[in-house]
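Participant: Dropping the structure in here first, questions after.
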Amino acid sequence: MNTVKKVYLDHSATTPIRAEVAQAMMVAMTEQFGNPSSVHSFGRAAKKALEEAREQVAQLIGAQPGEIVFTSGGTEADNLAVIGTAMANRKKGKHIITSSIEHHALLDSCKWLEKNGFEVTYLPVDSNGLVRVEDLMAALREDTILISIMHVNNEVGTIQPIEEIGKIARDKGILFHTDAVQSVGKIPVDVNELQVDLLSLSAHKIYGPKGVGALYIRKGTRVEPRNFGGGQERKRRPGTENIPGIVGFGKAAELARINLPEEQKLIILRDKLIDGLLERIPDCQLNGDREKRIPTNVNVSIRFLEGEALLLSMDLKGIAASSGSACTSGSLDPSHVLLAMGICHEIAHGSLRMTLGRDNTEEDIDYVLDELPAIVERLRNMSPLYCCEKAAQCEVKEMCQNV
Amino acid sequence: MYSEKVMDHFTNPRNVGDLENPDGVGEVGNPTCGDIMRIAIKVEDNIITDIKFKTFGCGAAIATSSMVTEMAKGKTLEEARVITNKNVAEALDGLPPNKMHCSNLAADALKLAIDDYLAKAGQVG
């Protein structure tokens with residue numbers, strides 16, 4: 001049997017658990033198995049592990065341990081942040097501002113709020129996927145109670161001007177939430193520098209376990225719970241705590257804090273991959289801002305082919321990536337992020353996201369750059385859209401220029 | 001999520017390409033939804049003697065296109081015309097449910113190619 005080389009380039013989807021994290025979780029499962037609410041020694045051991053993890057997570061983002069509420073993941077943290085603060089402040093106002101490129105955990109929470117009497121403004125983004133501060137200023141109303149803008153976009157890796165928005169929100173006395181699931185561990189995240197009141201985190205994006213995340217809630221910020229049935233997590237998130245997951249999250253957070261400078265090294269691999277793709281594949285464009293971008297994200301659109309077919313072909317060569325095509329988004333439309341950036345449907349269908357991680361090497365990048373052109377060529381030769389040498393004459397191009 | 005047969009037809013698609021002077025051409029889908037299939041046929045004595053496809057789309061779109069060309073080749077026009085999208089999916093040992101509508105259009109493209117041939121033949125004769 002010939003063994004295919006395996007290159008994992010989907011770290012924004014999830015990351016492998018680090019050995020130190022798995023070890024800590026094993027101890028939590030076998031030795032710290034008590035219920036943290038119990039008074040006996042077993043319970044106390046679990047409680048101690050829980051509070052240690054809370055400290056580790058708080059330290060990662062410059063928060064106080066008491067400001068960390070553990071959740072089942074980034075999705076629940078986003079749901080709790082947006083719906084919890086909106087409900088707690090509904091007497092003050094009904095208006096919320098967010099962006100059109102948020103994660104669905106956020107967008108779907110906003111849709112739920114709209115059905116329940118709130119009004120939501122979805123800010124547009126520029127062609128690089130950046131929110132414009134002037135658009136935010138123009139959207140502010142007397143009854144605006146919450147602004148929620150993600151720190152880094154999960155698809156195109158664009159870093160939003162969170163500090164600037166944080167300052168505006170603080171000046172106007174409006175609560176400010178950011179989804180930092182894709183930024184933490186990759187670039188510095190400090191709740192005081194960013195001036196945020198709420199911030200969402202997820203463990204499995206930073207080499208921790210799935211099924212655990214956290215919401216940072218600045219002291220004094222009112223949030224109505226979405227779960228009921230106990231006093232855990234200061235009544236904000238009742239239910240017996242997921243100790244193994246939380247302990248793993250704590251360890252992963254500690255390692256992420258210590259290893260943050262190392263993430264900068266990935267910029268070299270990222271840029272090598274971007275430059276190599278643009279050079280070797282004709283009719284290929286970079287999606288998202290080139291500079292204001294996390295060290296791990298590469299997102300390109302390869303014209304005249306469809307993303308899922310590309311992913312399948314890459315998978316046969318052992319390369320794991322993702323796409324914003326309709327087929328992979330689970331709906332009939334391609335990525336809402338790329339569409340919001342003004343990229344037309346046809347080009348969004350051919351988008352390819354490759355996200356780097358700490359174990360990737362230069363050899364991995366060389367392998368991808370060697371294999372990808374032939375894969376693209378094969379699919380393009382099958383495509384009725386790849387009709388001419390000069391892309392400018394193609395029907396697709398004409399259609400796109402109208403967008 | 002795909003059957004072995006789908007992966008086989010995706011990896012080694014049959015009858016890819018264009019025909020010179022085709023007798024009939026059928027095209028379905030549009031690039032906005034992410035799927036376009038074009039099928040071209042050669043017809044002699046009421047039989048499909050050659051058939052080629054070109055497809056822009058996902059794995060299922062490519063596999064169904066390949067499969068329908070294999071099913072139609074050597075068939076009479078009447079036999080080929082009754083091939084349904086469902087038949088194609090079954091011949092591939094099934095498709096994931098979300099692919100049944102958006103990417104399973106190859107039989108429609110074949111039907112359009114046959115109709116195109118019949119219309120042209122009708123005009124000439």
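Participant: Which residue pairs have Cβ atoms under 8 Å apart, sit 6 or more places apart or on different chains, and have a first residue in the stretch B:97-112 that is within 14 Å of chain A (Cβ to nearest Cβ) and a second that is in a helix (DSSP H, G or I) and modelled with pLDDT under 85?
Facilitator: B:99/A:327; B:102/A:326; B:102/A:327; B:102/B:33; B:103/A:327
Participant: Scan the stretch B:17-41 for residues that are touching a helix residue (DSSP H, G or I) at 6+ places or on another chain (Cβ under 8 Å), assigned to a strand (DSSP E or B) and β-branched (Val, Ile, Thr) and jot them down.
Facilitator: B:25, B:28, B:39, B:41
Quick grid of which residues meet (1) buried (at least 18 other Cβ atoms within 10 Å of the Cβ); (2) modelled with pLDDT under 95; (3) over 21 Å from residue A:106 (Cα atoms):
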| residue | (1), (2), (3) |
| --- | --- |
| A:173 | no, no, yes |
| A:191 | yes, no, no |
| A:199 | yes, no, no |
| A:202 | yes, no, no |
| A:205 | yes, no, no |
| A:208 | yes, no, yes |
| A:267 | no, no, yes |
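Participant: Are there helices (runs of 4 or more DSSP H) fully within the stretch A:252-347 with at least 1 residues that are over 16 Å from residue A:128 (Cβ atoms) and within 14 Å of chain B (Cβ to nearest Cβ)? List them.
Facilitator: Per the criteria, A:307-316, A:326-329.
Participant: Give the stretch A:215-234 a look and list any residue that's closer than 29 Å to residue A:22 by Cα and surrounded by fewer than 23 Cβ atoms within 10 Å (Cβ to Cβ), or say none. Break it down into steps so the answer makes sense when it comes.
Facilitator: Of the stretch A:215-234, the ones closer than 29 Å to residue A:22 by Cα are A:215-217, A:227, A:230-234.
A:227, A:230, A:231, A:232, A:233, A:234 - these are the residues of the stretch A:215-234 that are closer than 29 Å to residue A:22 by Cα and surrounded by fewer than 23 Cβ atoms within 10 Å (Cβ to Cβ).
Participant: For the stretch A:350-363, indicate whether the set of residues that are at the interface with chain B (Cβ under 9 Å from one of its Cβ atoms) and surrounded by fewer than 22 Cβ atoms within 10 Å (Cβ to Cβ) is non-empty.
Facilitator: No - not one qualifying residue is present in the stretch A:350-363.
Participant: Determine whether the stretch B:74-85 contains at least one residue that is surrounded by fewer than 24 Cβ atoms within 10 Å (Cβ to Cβ) and closer than 23 Å to residue B:1 by Cα.
Facilitator: Yes: the stretch B:74-85 contains one or more residues that are surrounded by fewer than 24 Cβ atoms within 10 Å (Cβ to Cβ) and closer than 23 Å to residue B:1 by Cα.
Participant: Right, another one. Working carefully through the options A:293, A:303, A:358, A:353, find the one that is farther than 23 Å from residue A:181 by Cα and in contact (Cβ under 8 Å) with a residue 24 or more places away in the chain.
Facilitator: Working: A:293 fails: farther than 23 Å from residue A:181 by Cα; A:358 fails: farther than 23 Å from residue A:181 by Cα; A:353 fails: farther than 23 Å from residue A:181 by Cα.
After ruling out the rest, the residue left standing is A:303.
Condition check ((1) among the hydroxyl-bearing types (Ser, Thr, Tyr); (2) surrounded by fewer than 20 Cβ atoms within 10 Å (Cβ to Cβ)) across all residues:
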position: B:11; (1), (2): yes, yes
position: B:14; (1), (2): no, yes
position: B:45; (1), (2): no, yes
position: B:55; (1), (2): yes, no
position: B:63; (1), (2): no, no
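Participant: Now for a different question. Hey, could you check the stretch A:123-159 for residues that are within 17 Å of residue A:96 (Cβ to Cβ) and without any contact (Cβ under 8 Å) to a residue 40 or more places away in the chain and say which is farthest from the chain's Cα centre (by Cα)?
Facilitator: A:138
Participant: Now for a separate question. All but one of (1) surrounded by 18 or more Cβ atoms within 10 Å (Cβ to Cβ); (2) assigned to a loop (DSSP other than H, G, I, E, B) hold for residue A:16; which doesn't?
Facilitator: The failed condition is (1).
Participant: If you scan the stretch A:181-204, which residues turn out to be touching a Ser or Thr at 6+ places or on another chain (Cβ under 6 Å), within 24 Å of residue A:66 (Cβ to Cβ) and not β-branched (Val, Ile, Thr)?
Facilitator: Result: A:197, A:199.
Participant: Moving on. Could you look through the stretch A:46-98, keep only residues that are open to solvent by 10 Å² or more (accessible area, probe 1.4 Å), among the aliphatic types (A, V, I, L, M) and touching a strand residue (DSSP E or B) at 6+ places or on another chain (Cβ under 7 Å), and pick out the one that is farthest from residue A:209 (Cα to Cα)?
Facilitator: So the residue we want is A:63.
Participant: For the stretch B:26-43: of the residues being more than 7 Å from every other protein chain (Cβ to nearest Cβ) and under 21 Å from residue A:327 (Cα atoms), which is surrounded by the fewest Cβ atoms within 10 Å (Cβ to Cβ)? Walk me through how you get there before you give the answer.
Facilitator: Taking the stretch B:26-43 as the starting set, the residues that turn out to be more than 7 Å from every other protein chain (Cβ to nearest Cβ) are B:26-30, B:35, B:37, B:39-43.
Add one more test, that the residue is under 21 Å from residue A:327 (Cα atoms), and what stays is B:27-30, B:35, B:37.
On the way: B:27: 17, B:28: 18, B:29: 21, B:30: 13, B:35: 27, B:37: 27.
Ranking the qualifying residues of the stretch B:26-43, first place goes to B:30.
The values are calculated or read from the model by the stated rules, or taken from the named source; none is laboratory data. Predicted model only: the values in this text are computed from it and were never measured. Virtual Cβ from ideal backbone geometry, glycine too; neighbours counted across all protein chains shown. Ligands, DNA and RNA are excluded from the accessible area calculation, which covers all protein heavy atoms including side chains. Shrake-Rupley method; radii C 1.70, N 1.55, O 1.52, S 1.80 Å.
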